[in-house]
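Below is one structure, written out as structure tokens; comments come after it.
The values are calculated or read from the model by the stated rules, or taken from the named source; none is laboratory data. In this text the structure is predicted, and so the values were computed from the model without any measurement. With ideal geometry, Cβ positions are generated from the backbone for all residues, glycine too; neighbour counts draw on all protein chains shown. Ligands, DNA and RNA are excluded from the accessible area calculation, which covers all protein heavy atoms including side chains. Shrake-Rupley method; radii C 1.70, N 1.55, O 1.52, S 1.80 Å.
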Amino acid sequence: MVANKFLVAASAIALSSVALTGCGNSGDSGSTESKKGDSITMGFAQVGAESGWRTANTKSIQESAKDAAINLKFSDAQQKQENQIKAIRSYIQQKVDVIAFSPVVETGWDTVLLEAKRAHIPVILTDRAVDSKDTSLYESFLGSDFVAEGEKAGQWLVDNAADSDVNGDGKINVVQIEGTTGAAPAIDRKEGFEKVIASDPKIKVIASQTGDFTRDGGKKVMESYLKSQKGIDVLFAHNDDEGLGAIEAIEAAGLTPGKDIKIITIDAVHDGMQALADGKINYIVECSPLLGPQLMDLAKKVVAGDPVEKRIVTEETTFTQDQAKAALPSRKY
Ligand code: AHR
């Protein structure tokens, strides 16, 4: 009986360790030695696996860690802040050399980041920012300018306003599917988009709800818009996955996506680009998930005590339907 209890406890510990280390890493921290110059151990707390973008981002981080000979401890928070905080605390306990994470929401990080600082473990933010007055809690923030992404989406609509008045009534009714509530890309993309479209009084956002950056979320929100909103001309979805889910809802309602409702999304992952090339999406603003190589370089510098830039903005472009057709054959994700 005692032996059985011991076995159960031992398997529980092993399982939680697997959940935190994920795939593609050794599991042993070895951090005391690595601080003396051996291999670096990084604890990475990922948001989840909510979108095609996130899958490509995780792959980029895992492959780049391997290429850079960095021992990666990887955890998937399943889009819950409390899981990310637990993972970060576990990395602190394991005395990793550096912690990197993509915060699921902007606020509520000061306490755990202060714990990392007191333990002398540097933190790098990737993809998403935290909303904190104390910028000494992290070394660098590597990721996109989400406000600029929203502005680019809005600018396309302003520039294509005549074609986007699908119902031909002189008004352009936009429905918006937002990303995860409280997440930096959802807040910033909304802000950028709404700021730019305000320059044209014909364009109005008539409804805006979260789709949580998922395909299922996008589909459900679009289904409800199709029932509750009249005269929808345009959909602005905060990522491709939400847009792809919305396309399913639009087609199920007997409408033609890209024609009966113009669609603008953000990300430019493979499925989104295919839908753009097929004419179901009208415009995509790129958000690059390939942050791994830059993150590993930053980690090496930070651990060596070399100076790094506090903010590194990812280079990104935009795609029309013709540009998507040309780019698809060589698209990496
Ligand atoms: O933080 C980046 C965003 O998060 C991507 O646009 C989205 O697809 C992801 O889930």
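Table for the structure above
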item: From Lys95, Lys73, Lys86, Lys66, residue being open to solvent by 20 Å² or more (accessible area, probe 1.4 Å), away from the ligand (no atom under 16 Å from the Cβ) and either touching a helix residue (DSSP H, G or I) at 6+ places or on another chain (Cβ under 8 Å) or not in a helix (DSSP H, G or I) (or both); result: Lys95
item: Single unsatisfied condition, Ala198 versus (1) more than 24 Å from Lys280 (Cβ to Cβ); (2) within 16 Å of the ligand (Cβ to nearest atom); result: (2)
item: Qualifying strands (runs of 3 or more DSSP E) (wholly inside segment 124-222; at least 3 residues being closer than 30 Å to Leu298 by Cα and touching a residue at least 12 places away in the same chain (Cβ under 8 Å)); result: 140-143
item: One residue from Ala45, Ala56 being of a type in the set (Gly, Ala, Ser) and in a strand (DSSP E or B); result: Ala45
item: One residue from Gly27, Gly22 being farther than 18 Å from Ala304 by Cα, more than 24 Å from the chain's Cα centre (by Cα), open to solvent by less than 50 Å² (accessible area, probe 1.4 Å) and at pLDDT below 70; result: Gly27
item: Some residue of segment 167-176 being touching a His at 6+ places or on another chain (Cβ under 9 Å) and within 16 Å of the ligand (Cβ to nearest atom); result: yes
item: Hits in segment 236-264 (condition: in contact (Cβ under 8 Å) with a residue 60 or more places away in the chain and either hydroxyl-bearing (Ser, Thr, Tyr) or within 16 Å of the ligand (Cβ to nearest atom) (or both)); result: Phe236, Ala237, His238, Asn239, Asp240, Asp241, Glu242, Gly243, Ala246, Ile264
item: Hey, Ala49 closer than 29 Å to Arg331 by Cβ, open to solvent by less than 20 Å² (accessible area, probe 1.4 Å), in contact (Cβ under 8 Å) with a residue 12 or more places away in the chain and within 16 Å of the ligand (Cβ to nearest atom) or not; result: no
